1. Can you give me the P(r) profile for region A:10-237? Cα pairs, bins 10 angstrom wide beginning at 0, each as a whole percent.
2. Are there chymotrypsin sites (Phe, Trp or Tyr not before Pro) in region B:10-70 that DSSP marks as loop and that have at most 12 other Cβ atoms within 10 Å, and which are they?
3. How big is the A/B interface in buried accessible area, both sides summed, 1.4 Å probe, to the nearest 100 Å²?
4. Using a 1.4 Å probe on the protein chains only, how many percent of the accessible area of region B:42-130 belongs to carbon and sulfur?
5. What is the extension gain from B:Leu43 to B:Ala71, computed as 0.36 nm multiplied by their sequence separation minus the C-alpha to C-alpha distance, in nm to one decimal?
6. Using 0.36 nm times the number of residues separating B:Glu129 and B:Leu30, minus their current alpha carbon distance, what extension gain do you get?
7. When chain B is modelled as a GNM with alpha-carbon springs shorter than 10 Å, which of B:Met12, B:Met49, B:Met115 fluctuates the most?
8. Let me spell out the model: positive unit charges on the Cβ of Lys and Arg, negative unit charges on the Cβ of Asp and Glu, origin at the Cα centre of region B:2-100. What dipole size does that give, in debye rounded to 20?
Amino acid sequence: MKDKNTPDNVLIVIPAYNEEASIGALLQEIRVLYGGWDILVVNDHSADRTPEVVRRYKGTMTVDLPRNLGIGGAVQTGFIYAARNHYDYVVQLDADGQHQPADIIRLLEPLKKEETDVVIGSRFCNGKSSYRAGFARRTGIRIISFFCWLLTGKKVKDCTSGFRAYNREAIQFLSEYYPIDYPEPEAVIMLIKNRFRISEIQVCMHPRKAGKSSISFRRGTTYYMFKVVLGMIMTAIRPKTRKYGKLQ
Amino acid sequence: MESFSNVNIFRMQIIAIAGSVVLFLFILNLIRRKRIKEEYSLLWVFFGMVFIVLSLWRQGLDYIAMAIGVAYPPTAILLIFLMAMFMILIQFSIIISRLSDANKTLCQEIGLMKMELAKMKEEKKDQSEA
């Protein structure tokens, strides 16, 4: 663990569920690019050899959740750890290799300049898509972004991206409450409602290297859309819960 | 014919009384044996009593039916029954949500604690080796 007083006090949080095929390469790449940074892998009760693979990378911290909590519960574990250990920034990225570690430093830049509280690595910035998503998924993301705009008045192009960076205040806030299933769009609304500044940065996304998307295979798109839209609306009409920090 | 339908209604009332009393006692016994916690049994106890009252007091059902504009009184029973089921099921959803939230927090804490523990063991091992 690094000295807590340095400004570059970053925790990289990687939620992982059955990612034995891809997480090794990801950790290797992070270690090459960002040697010495703290990495916390939250193993969401994987059924495969994910924890064994992670343990091969000495210095990487692993939380093994005793039950599968879903991506939201796993990510929140990272926020809780970061909040308790006074990290200044958290970068969250997927374990399946679709987010590139090289972009981490770009995600952190606006945070360090204190221009914003949360940075989303978006696949749709600047109009063109850097990511060849299928039609259904693109449409789904559009609908979600539309609802996000409708509910908050803010345009966030890629509400579903799980490649994000947060400053200390956002970490503290999200460690207290974070949605469970498909949490990303809800979290965006929650943050905007509570006056956090969100910005987007265009990143390249690889098609996933291995494993399955949590959206299209696990429980079906219809469930996903209904759950997300309902969650977004409910989050939007809930009262503000942020109690501390300078409100913008 | 007259006497036959009277007997029928009387029999039905006996069965209704017996049924609702058995349900009520069953629920009370579950609470007594701590199989249901008191705080989760309030709705059951309440509707158990409602059913006993309705089975004893036949005109009561007619009044209720009239009051809510139901033409055929037995339908009112179904309505009350449905309402009872809805309320109890909604209460279940609330309890389940609370439990799953508590579960999530516990899982996260256990996960974090296991990691801290492993770290401490590692450090202790390093110290004793040094």
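The values are calculated or read from the model by the stated rules, or taken from the named source; none is laboratory data. All values reported here derive from a predicted model rather than from experimental measurement. Cβ sites come from the backbone with ideal geometry, for glycine too, and all protein chains shown count toward neighbours. Heads up: the accessible areas ignore ligands, DNA and RNA and are worked out on the full protein's heavy atoms, side chains in. Shrake-Rupley method; radii C 1.70, N 1.55, O 1.52, S 1.80 Å.
1. Answer for region A:10-237: a P(r) of 8, 35, 41, 15, 1 percent.
2. On the way: sites: B:Phe10, B:Phe24, B:Phe26, B:Tyr40, B:Trp44, B:Phe46, B:Phe47, B:Phe51, B:Trp57, B:Tyr63; in loops: B:Trp57.
Hits after loop and neighbour filter: B:Trp57.
3. Values: alone 11780 and 10530 Å², together 21160 Å².
Adding both sides of the contact gives about 1200 Å².
4. Values: 4760 of 6460 Å².
Here carbon and sulfur together make up 74 percent of the probe-accessible area.
5. Working: separation 28, 0.36 × 28 = 10.08 nm, distance 2.75 nm.
Fully extending the segment from B:Leu43 to B:Ala71 adds 7.3 nm.
6. Values: separation 99, 0.36 × 99 = 35.64 nm, distance 5.77 nm.
Full extension of this stretch gives 29.9 nm more.
7. Most flexible of the set in this elastic network: B:Met115.
8. Numbers: 8 positive and 4 negative charges, 106 e Å.
For this selection, approximately 500 debye.
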